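Okay, structure first, notes after.
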Amino acid sequence: MSGREETRPAAPAGQEQGHAVLALGSNLGDRAATLRSATALLDKLLGVLAASPVYETVPVGGPPQDDYLNAVLLVRPAPPRELLAAAREAEAAADRVRTVRWGPRTLDVDVIACGALTSDDPEILVPHPRAHLRAFVCVPWLDVDPDAWLPGHGRLADLVAGLEAAGETAGLRRTDVDLRGLGG
């Protein structure tokens, strides 16, 4: 089954593929400007339907590093490889350098989900295999999509409640940064 995309029943009717979900993070340079630029480019490439509030978060895993600004974008649905290509283009535009795994970065763009679509292609796993564990993904996503489901994991609201109960949301601080460039 390697490298195939398929659709499995993973969400209620109406959640099949209305949009894709991308998570953005930056902890080097002018983080807010980087996220705004990435949002503008991803809007041009994919069509941004909604942008979450921006959260400042402590790093998860990797070497010691500065805090991140994180956000989620809802974009028009597209095949996983097209989403990945757009994510990589945005990272390249932000001069992303991949030297240290889970290290500091100007920009990280992850493809999180695309409705009920799943992909086990090793190049682009959908849904993202650790999304359900990441408060910096789930909380902003819930802000812009309160009825969201994560394929294989259930209602996003339930996932966030579990993360809150486990203390995983303690390191999130909502900012006044506006990804459309109007605030912060």
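The values are calculated or read from the model by the stated rules, or taken from the named source; none is laboratory data. Model, not experiment: these values are computed from the prediction. Ideal geometry is used to build each Cβ from the backbone, glycine not excepted, and the neighbour counts take in all protein chains shown.
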- [ ] Please go through the range 63-101 and pick out each residue that is touching a Gly at 6+ places or on another chain (Cβ under 9 Å), over 21 Å from Gly171 (Cβ atoms) and among the basic types (Lys, Arg).
- [x] Arg76
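So that you can scan it fast, the table gives a plain yes or no per residue for (1) of a type in the set (A, V, I, L, M); (2) modelled with pLDDT under 95; (3) closer than 26 Å to Arg155 by Cβ:
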{"residue": "Ala78", "(1), (2), (3)": "yes, yes, yes"}
{"residue": "Thr99", "(1), (2), (3)": "no, yes, no"}
{"residue": "Val111", "(1), (2), (3)": "yes, no, yes"}
{"residue": "Glu123", "(1), (2), (3)": "no, yes, no"}
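Taking the residues in the range 133-184 that are aromatic (Phe, Trp, Tyr) and more than 19 Å from Asn27 (Cα to Cα) as candidates, determine which candidate is modelled with the lowest pLDDT.
First, pick out the residues of the range 133-184 that are aromatic (Phe, Trp, Tyr): 136, 141, 149.
Now drop any that are not more than 19 Å from Asn27 (Cα to Cα), which leaves 141, 149.
Details: Trp141: 98, Trp149: 94.
Per the criteria, the residue is Trp149.
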TODO: Please work out if Ala116 is buried (at least 18 other Cβ atoms within 10 Å of the Cβ), touching a strand residue (DSSP E or B) at 6+ places or on another chain (Cβ under 6 Å), within 16 Å of Val137 (Cβ to Cβ) and touching a residue at least 12 places away in the same chain (Cβ under 8 Å).
DONE: no
- [ ] Check Val60, Val72 and return the single one that is under 25 Å from Leu163 (Cβ atoms), among the hydrophobic types (A, V, I, L, M, F, W, C) and more than 14 Å from the chain's Cα centre (by Cα).
- [x] Val60
Task: So Pro12, is it within 14 Å of Val111 (Cα to Cα), out of contact with any Leu (no Cβ under 7 Å at 6 or more places or on another chain) and modelled with pLDDT under 95 - done: no
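Output the residues belonging to the range 67-122 that are acidic (Asp, Glu) and assigned to a loop (DSSP other than H, G, I, E, B). Give the derivation first.
Residues of the range 67-122 acidic (Asp, Glu): 67, 82, 89, 91, 95, 108, 110, 120-121.
Listed by number, the residues that qualify are Asp67, Asp95.
Hey, does the range 96-115 have a residue that's within 16 Å of the chain's Cα centre (by Cα) and farther than 29 Å from Asp30 by Cβ? Reasoning before the result, please.
Here is the first cut: in the range 96-115, the residues within 16 Å of the chain's Cα centre (by Cα) are 102, 105-115.
Add one more test, that the residue is farther than 29 Å from Asp30 by Cβ, and what stays is 114-115.
Within the range 96-115, one or more residues are within 16 Å of the chain's Cα centre (by Cα) and farther than 29 Å from Asp30 by Cβ.
Filter the range 52-86 for residues that are hydrophobic (A, V, I, L, M, F, W, C), touching a Phe, Trp or Tyr at 6+ places or on another chain (Cβ under 9 Å) and within 18 Å of Gly18 (Cα to Cα) and give the result.
So in the range 52-86, the residues hydrophobic (A, V, I, L, M, F, W, C) come out as 54, 58, 60, 69, 71-75, 78, 83-86.
From what is left, the residues that are touching a Phe, Trp or Tyr at 6+ places or on another chain (Cβ under 9 Å) are 58, 60, 69, 71-72, 74.
Listed by number, the residues that qualify are Val72, Leu74.
Looking at Val160, is it surrounded by 15 or more Cβ atoms within 10 Å (Cβ to Cβ), out of contact with any strand residue (DSSP E or B) (no Cβ under 9 Å at 6 or more places or on another chain), touching a residue at least 12 places away in the same chain (Cβ under 8 Å) and in a helix (DSSP H, G or I)? Don't jump to the end; show me each part of the working.
Numbers: surrounded by 15 or more Cβ atoms within 10 Å (Cβ to Cβ): yes; out of contact with any strand residue (DSSP E or B) (no Cβ under 9 Å at 6 or more places or on another chain): yes; touching a residue at least 12 places away in the same chain (Cβ under 8 Å): yes; in a helix (DSSP H, G or I): yes.
Considered against the rule, which asks whether it is surrounded by 15 or more Cβ atoms within 10 Å (Cβ to Cβ), out of contact with any strand residue (DSSP E or B) (no Cβ under 9 Å at 6 or more places or on another chain), touching a residue at least 12 places away in the same chain (Cβ under 8 Å) and in a helix (DSSP H, G or I), Val160 comes out as yes.
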Task: Subset of the range 41-66 (residues that are at pLDDT below 95 and either of a type in the set (Lys, Arg) or not in a strand (DSSP E or B) (or both)) - done: Val58, Pro59, Val60, Gly61, Gly62, Pro63, Pro64, Gln65, Asp66
